[in-house]
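Notes follow the structure.
The values are calculated or read from the model by the stated rules, or taken from the named source; none is laboratory data. In this text the structure is predicted, and so the values were computed from the model without any measurement. Cβ: placed from backbone, ideal geometry, glycine included. Neighbour counts: every protein chain shown. Heavy atoms of the whole protein, side chains included, go into the accessibility calculation; ligands, DNA and RNA do not. Shrake-Rupley method; radii C 1.70, N 1.55, O 1.52, S 1.80 Å.
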Amino acid sequence: MIISAYQTHIFILIFIYIILAVSLNLALGYTGLLNLGHVAFYGIGAYTSALLAIEGMPYLAAMIIAGLFASVFGYLLVTATDRLKGDYLAMATLGFSFVVYSLLLNLREITRGAMGIPGIPKPSILGLTVRTNDQYLIFVLLICAISVFIMYRIVKSPFGKLLEANRDNAVCLRVLGKNTFGLKYKAMMISAFFAGISGSLYAHYITFIDPTSFYISELILILTIVIVGGLASIKGSIVATAVIIYVPEILRTLDLPSSVLGPVRQALYAAILIAILMLRPRGIFGKVDLE
Amino acid sequence: MILSCKDIYKSFGGIKAIDGCSFTVAEKKITGIIGPNGSGKTTMFNVISKLIKPDSGTIEFKGQDVTGLKDYELAKMGVSRTFQDVKLFQNLTIREHLQIAMSDTDEKLLSNIFRGKEGDAQKIKEVMELVGLDKPLDTYGNDLSYGQRKLLDLAIAIAKPHTLLMLDEPVAGVNPRLRDSIKDILRELNSRGESILLIEHDMNFVMDLVDHIFVMDAGKVIAEGAPEEIQNNPCVLEAYLGGSEEGTKCL
Ligand SMILES: Nc1ncnc2c1ncn2[C@@H]1O[C@H](COP(=O)(O)OP(=O)(O)OP(=O)(O)O)[C@@H](O)[C@H]1O
Ligand SMILES: [Mg+2]
């Protein structure tokens, strides 16, 4: 391979986060659903897929079921928050993230709590096992391309235009005879589905998961990506993922002691976010204002 | 009778916005609603189109009780409306507005993903010409002037499949030349068999356009009739001059 083992690792993470960020943008940027529960879908997908695969389920089936299971939670989240708007919706969906986190931590019989789940098998598809990281990179690139392609088709289709119309003015859309409640469910379920898929890809790559991988800091990271890239821009989310996941890794070459590395990275994220909000309030490629 | 509202009541806190309002709209006619500011005209529109739930009263559309329907269900049955404070999609283009209005398949997710259908370009062009909106179809809702947004709002209401067209002050803020052309549009639509219900303050606009007028004051209908009758009705003049108690007596 032409790229180093370390770069391979970073690229794998970038492709996983692209699916995660684009799927959040589908709900947040395109449909206008202020959803702070996205990280929970990611966690649900990761745990579902890991547990099913450990029980012996073939990888592709486990991955799809992980997506579907996350999507069921997407449905439930919309049902539970149906009447909420704005800040209240943000609080309720953030609460959902906390609830799922504490379930992962406390349902010990299933999730092993804080001890996490080790030994998650590498994906094996039609008898071919993805063993090396180079192979995983190709695999994850493939899934990422398919996922982004599907989401791209959705947002560019007439259905996608309805999502944007719902974000801009739901009342006007209903007066045109469109069921905006149905739209909200569909958008959130698609968004959750792909978050679940990316959770699965993450779990089977790292082969060990514990609840801390699906906590609020993770949520802030993907929100930062979506805002920096721009609401309602798939291209923006892709570019921003690459920048935000890759750039801090350059820090590693600076030979900082590991105790300051984490904080410096967080500070860098914050700096990027603040710089973007000051210089380009709509993000790099965004067309829609933040509310 | 295409639409009939019976004994509608609606209060906002202490304000009785609609206070026992009843009226009917005849099929294939143009019906006007006039009345002073704050007399409840827009609120009645919102009640009819289900954006607001009335405290009591019933609404029938095409002989069917639609009181319990949701806003989008009634819209699907064929009610189109415009807004006094124009509501559009800021980040969608004119073309996309009209495509949404015309499409009846865009809510189907799966059939959409792999063969998203383009809207009918010919039909879009026709509606644009009909309302006289002379702007590139790629212009965003955000980038239109007030008058242009008013026209686009009218265009999408017309483009949406409907049998009843409800217009809330269609010519407010629209220049005089365009007023006359909108009048012509409405006559044209009416001659094609559409029923139209419109709210309007501009008497010149209303009087020679509509077949029947309801006059609202303080949340109820205080007079109705052909335009000539209304023009000479003392109660109506009273209501417009502010003597609303006198007006109520005329009932
Ligand atoms: N959402 C609301 N909350 C509180 N009060 C309202 C609301 N909507 C309308 N009202 C009140 O109801 C009354 C009727 O308002 P409405 O908008 O129906 O009047 P209108 O006849 O359309 O007036 P105009 O000719 O100025 O448009 C007013 O007193 C208004 O303040
Ligand atoms: Mg009004």
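Could you look through segment B:147-173, keep only residues that are within 16 Å of ligand 2 (Cβ to nearest atom) and either more than 14 Å from chain A (Cβ to nearest Cβ) or aromatic (Phe, Trp, Tyr) (or both), and pick out the one that is most open to solvent (accessible area, probe 1.4 Å)? Applying the filter and picking the extreme gives B:Gly173.
Of the set (1) under 15 Å from the mean Cα position of the chain (by Cα); (2) more than 27 Å from A:Phe285 (Cβ to Cβ); (3) of a type in the set (Gly, Ala, Ser); (4) surrounded by fewer than 22 Cβ atoms within 10 Å (Cβ to Cβ), all apply to A:Gly262 but (1). Filtering segment B:90-98 for residues that are free of Cβ contacts under 8 Å to residues at least 12 places away in the same chain, within 16 Å of ligand 1 (Cβ to nearest atom) and either out of contact with any strand residue (DSSP E or B) (no Cβ under 6 Å at 6 or more places or on another chain) or open to solvent by less than 40 Å² (accessible area, probe 1.4 Å) (or both) leaves an empty set.
Picking from residues in segment B:174-206 that are within 16 Å of ligand 2 (Cβ to nearest atom) and not hydrophobic (A, V, I, L, M, F, W, C), the one that is surrounded by the most Cβ atoms within 10 Å (Cβ to Cβ) is B:Glu200. Only one entry in B:Lys16, B:Lys10 is within 10 Å of ligand 1 (Cβ to nearest atom), farther than 30 Å from B:Lys183 by Cβ and crowded, with 18+ Cβ neighbours inside 10 Å, namely B:Lys10. Taking the conditions (1) within 22 Å of B:Lys150 (Cβ to Cβ); (2) in contact (Cβ under 8 Å) with a residue 12 or more places away in the chain; (3) within 15 Å of ligand 1 (Cβ to nearest atom); (4) within 13 Å of another protein chain (Cβ to nearest Cβ) in turn, B:Lys50 satisfies each one other than (1).
Here A:Thr241 fulfils each of the conditions (1) within 24 Å of A:Met278 (Cα to Cα); (2) open to solvent by 10 Å² or more (accessible area, probe 1.4 Å); (3) assigned to a helix (DSSP H, G or I) apart from (2).
Applying the condition of being within 16 Å of ligand 1 (Cβ to nearest atom) and more than 10 Å from every other protein chain (Cβ to nearest Cβ) to segment B:60-89 and asking which residue is modelled with the highest pLDDT yields B:Gln84. When you check A:Ala203 against the structure, is it open to solvent by 20 Å² or more (accessible area, probe 1.4 Å), of a type in the set (Gly, Ala, Ser), in a helix (DSSP H, G or I) and more than 22 Å from A:Thr31 (Cα to Cα), yes or no? So A:Ala203 fails the test. A single member of B:Leu154, B:Leu137 is within 20 Å of the chain's Cα centre (by Cα) and of a type outside the set (Asp, Glu), and it is B:Leu154.
Matching residues to (1) closer than 24 Å to B:Ser4 by Cα; (2) basic (Lys, Arg); (3) touching a residue at least 40 places away in the same chain (Cβ under 8 Å):
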{"site": "B:Asp138", "(1), (2), (3)": "no, no, yes"}
{"site": "B:Tyr146", "(1), (2), (3)": "no, no, yes"}
{"site": "B:Arg149", "(1), (2), (3)": "no, yes, yes"}
{"site": "B:Leu152", "(1), (2), (3)": "no, no, yes"}
{"site": "B:His162", "(1), (2), (3)": "yes, no, yes"}
{"site": "B:Leu165", "(1), (2), (3)": "yes, no, yes"}
{"site": "B:Gly173", "(1), (2), (3)": "no, no, no"}
{"site": "B:Asp184", "(1), (2), (3)": "no, no, no"}
{"site": "B:Leu197", "(1), (2), (3)": "yes, no, yes"}
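Condition (residue is over 24 Å from A:Glu218 (Cβ atoms), polar (S, T, N, Q), touching a residue at least 24 places away in the same chain (Cβ under 8 Å) and more than 8 Å from chain B (Cβ to nearest Cβ)) applied to segment A:153-168: is it met by at least one residue? Checked against the condition, which is being over 24 Å from A:Glu218 (Cβ atoms), polar (S, T, N, Q), touching a residue at least 24 places away in the same chain (Cβ under 8 Å) and more than 8 Å from chain B (Cβ to nearest Cβ), segment A:153-168 yields at least one hit.
For segment B:16-47, how many residues meet the condition of being of a type outside the set (A, V, I, L, M, F, W, C), more than 16 Å from B:Val215 (Cβ to Cβ) and in contact (Cβ under 8 Å) with a residue 12 or more places away in the chain? Please lay out each step first, then the result.
We begin by selecting, within segment B:16-47, every residue of a type outside the set (A, V, I, L, M, F, W, C); these are B:16, B:19-20, B:22, B:24, B:27-29, B:31-32, B:35-43, B:46.
If we keep only those that are more than 16 Å from B:Val215 (Cβ to Cβ) too, we end up with B:16, B:27-29, B:46.
Those still in the list that are in contact (Cβ under 8 Å) with a residue 12 or more places away in the chain too: B:16, B:27-29.
Residues flagged as of a type outside the set (A, V, I, L, M, F, W, C), more than 16 Å from B:Val215 (Cβ to Cβ) and in contact (Cβ under 8 Å) with a residue 12 or more places away in the chain within segment B:16-47 amount to 4.
Checked against the criterion of being touching a Ser or Thr at 6+ places or on another chain (Cβ under 8 Å) and surrounded by fewer than 22 Cβ atoms within 10 Å (Cβ to Cβ), segment B:43-52 contains one or more residues that satisfy it.
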